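In what follows, a single structure is set out as structure tokens and then discussed.
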Amino acid sequence: MTESNLEEAFLELTTRSIKFGPASTANAVFYDEGRREILSVDSNGTITVTSHKAHVKAKQIRLEPTGQIYAIKLSDSGLVATQRSHMSLDVFFKDNTSGIADMSISPSVKQQIISYFWLKNDQLAIVTTKSLELIQISVNTSKAKTLSKEDIAVAWCKYSAESSVFVISTGQEISAYLYARDCYTKISKLEIPRVSSLKEKAVWIIQLYKTTYICHLIVQNDETRLILHHVKKNCVTEESFMILGSAKDSYTLNVVDNLVAIHNLQLKLTSVFDVRAIPSEHGPSITGSIVSIKGLAPMVPGKPVKSSIDTSHEGIYVPQISYFTPNIIVDVRDGKLWELELRLDKIGLLFENDELFFRFLLRRRFHKAVAFDILRSQIKKSEPVERICRIFDQIVTMKPEPTLSQSDILVHVFQPLLVEGLSREELSNMMLLFLRSLDKIGQTGHERLICFLIDCLPRIEIRRDSVVTRGVARESTFIYKL
């Protein structure tokens with residue numbers, strides 16, 4: 001990556017990685033997507049659990065080395081479930097010191113276990129080639145009870161602990177199930193053409209703005225698209241698509257700050273898409289429905305992800321890197337885990353204008369400092385009144401509620417502008433514009449804001465001039481000293 005690209009990078013890895021035992025013939029490494037933890041098992045049966053949170057210390061669990069471990073997962077209460085057989089699971093209770101399994105669990109159907117997931121209250125979802133089962137583990141009695149069972153042929157299964165949604169492929173169709181109230185509920189079948197060619201690694205369950213989406217890659221007209229399906233209470237609906245690029249390239253994704261970050265592994269570039277952005281186009285549904293769906297373009301041109309100071313290779317676009325939602329990146333060969341972060345101070349430089357960036361900025365976390373800088377800059381540059389009005393309108397109408405309060409605007413925008421030398425007359429006009437935006441939605445100005453406005457008004461000379469009132473320039477308006 002060139003020095004120029006490093007300076008322009010708006011996505012970067014955390015400065016320092018979280019380290020764990022690298023994968024080797026003597027150390028098996030697993031990633032638990034539900035708890036976002038690395039579990040490494042050495043040849044002596046010692047499990048080291050490493051959290052993605054830097055402040056959480058790694059802990060160790062001792063098991064008897066009685067065979068190869070195919071999978072291992074921890075529950076929120078500290079139970080450990082390991083898979084050493086295709087037909088059963090071993091469960092170890094939290095206070096186990098012997099390293100010998102406290103109980104063994106087998107599904108009700110004698111079929112191969114494909115995967116399993118810890119749910120709430122020590123409940124375990126077991127997915128076999130013929131069923132999806134929900135099993136209650138009782139630590140007090142050391143017994144297991146089947147609570148729910150769905151008979152379905154399973155080729156592969158994905159689960160999101162964040163949304164409690166399962167996506168199951170039979171090889172011929174893909175269905176979504178919701179886990180709630182100690183049972184499974186089928187939401188609906190996803191209408192996807194050529195579903196038999198859809199691989200598990202090309203499907204993700206993600207959360208954007210507290211909404212669940214099932215998304216997958218599909219090739220149309222020699223280009224790869226990401227299709228987003230909105231998961232609702234009783235159905236899954238196709239909502240939008242993103243054109244990623246050539247069908248010859250490989251893609252994967254992360255989610256950072258409610259943005260979909262698409263990594264092009266051949267071009268070594270990452271682009272970000274926002275489902276709340278204004279659609280760049282509308283296109284036909286992949287299901288052949290007459291209803292069109294919105295097409296979303298990248299927010300800015302794609303750039304490489306900036307590596308951390310302890311990355312031992314060039315960038316993240318190499319085979320040894322694994323990507324996990326929402327924003328986890330793991331190098332199993334070097335034993336390092338990073339989180340992907342968005343640099344708002346860098347990405348703003350790539351937008352066509354500050355107004356477009358401000359609209360994007362208000363939907364991001366930790367945006368206040370950058371928003372205040374932009375707003376002060378816009379006012380000092382004497383941008384057109386219409387543009388300032390639109391920015392103020394965006395601030396006060398932000399849903400579900402404004403993130404920049406009147407006090408924020410006063411303390412971090414208007415008061416500093418006075419110190420920086422903006423004339424009291426111009427500052428008063430800006431405050432009147434802000435009050436105009438508040439008045440449009442039926443709100444009144446905060447007492448401190450009104451007092452500061454009044455404090456600026458007496459210092460304006462008495463003269464006939466043009467002043468902005470409610471966003472309209474009116475001639476022959478007098479401003480008097482009080």
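Please tell me if R470 is at pLDDT 90 or above and open to solvent by 80 Å² or more (accessible area, probe 1.4 Å). Here the answer is no, as R470 does not meet what is asked. Under the condition of being open to solvent by less than 20 Å² (accessible area, probe 1.4 Å) and not hydrophobic (A, V, I, L, M, F, W, C), the residues counted in region 140-157 number 1.
Being closer than 21 Å to A161 by Cβ, more than 23 Å from the chain's Cα centre (by Cα) and either open to solvent by 60 Å² or more (accessible area, probe 1.4 Å) or not β-branched (V, I, T) (or both) is not true of K57.
Please verify whether E425 is open to solvent by 30 Å² or more (accessible area, probe 1.4 Å) and more than 30 Å from V255 (Cα to Cα), treating the condition exactly as stated. Criteria met by E425. Suppose we filter S148, S164, S138, S188 for residues that are among the small types (G, A, S) and at pLDDT below 90; which single one remains? Sole residue among the options that is among the small types (G, A, S) and at pLDDT below 90: S188.
Scanning region 37-54 for residues that are more than 23 Å from E162 (Cβ to Cβ) and either part of a strand (DSSP E or B) or open to solvent by less than 40 Å² (accessible area, probe 1.4 Å) (or both) yields a count of 7. Taking the criterion of being open to solvent by less than 30 Å² (accessible area, probe 1.4 Å) and of a type outside the set (A, V, I, L, M), the residues of region 327-343 that qualify are N327, D331, G335, K336, W338. Would you confirm, using the coordinates I've provided, whether I72 is part of a strand (DSSP E or B), touching a Ser or Thr at 6+ places or on another chain (Cβ under 6 Å), open to solvent by less than 10 Å² (accessible area, probe 1.4 Å) and under 30 Å from T15 (Cβ atoms)? So I72 passes the test. Among the residues of region 22-36, is any free of Cβ contacts under 8 Å to residues at least 40 places away in the same chain and open to solvent by less than 20 Å² (accessible area, probe 1.4 Å)? The answer is no; no qualifying residue exists. The criterion of at least 3 residues that are over 19 Å from L244 (Cβ atoms) is met by the following strands (runs of 3 or more DSSP E) wholly inside region 171-230: 174-180, 183-190. May I ask you to verify whether D439 is outside any loop (DSSP other than H, G, I, E, B), among the acidic types (D, E) and modelled with pLDDT of 90 or more? It is true that D439 is outside any loop (DSSP other than H, G, I, E, B), among the acidic types (D, E) and modelled with pLDDT of 90 or more. You will find that of K346, K368, K381, K399, the residue that is open to solvent by 20 Å² or more (accessible area, probe 1.4 Å), within 20 Å of M430 (Cα to Cα) and within 21 Å of the chain's Cα centre (by Cα) is K368 and no other. A count restricted to region 402-422 and to residues that are open to solvent by less than 30 Å² (accessible area, probe 1.4 Å), within 11 Å of C456 (Cβ to Cβ) and of a type in the set (A, V, I, L, M) stands at 2. Residues in region 158-169 that are outside any loop (DSSP other than H, G, I, E, B) and open to solvent by 10 Å² or more (accessible area, probe 1.4 Å) were compared, and the one that is nearest to T211 (Cα to Cα) is S160.
Scanning region 110-139 for residues that are in a loop (DSSP other than H, G, I, E, B) and of a type outside the set (D, E, K, R), we see that the one that is surrounded by the most Cβ atoms within 10 Å (Cβ to Cβ) is L119.
The values are calculated or read from the model by the stated rules, or taken from the named source; none is laboratory data. Note that this is a predicted model, so its numbers are computed, not measured. Every residue, glycine as well, gets a Cβ built from its backbone with ideal geometry; the counts of neighbours run over all protein chains shown. The area values use the complete protein model at the heavy-atom level, side chains included, leaving out ligands, DNA and RNA. Shrake-Rupley method; radii C 1.70, N 1.55, O 1.52, S 1.80 Å.
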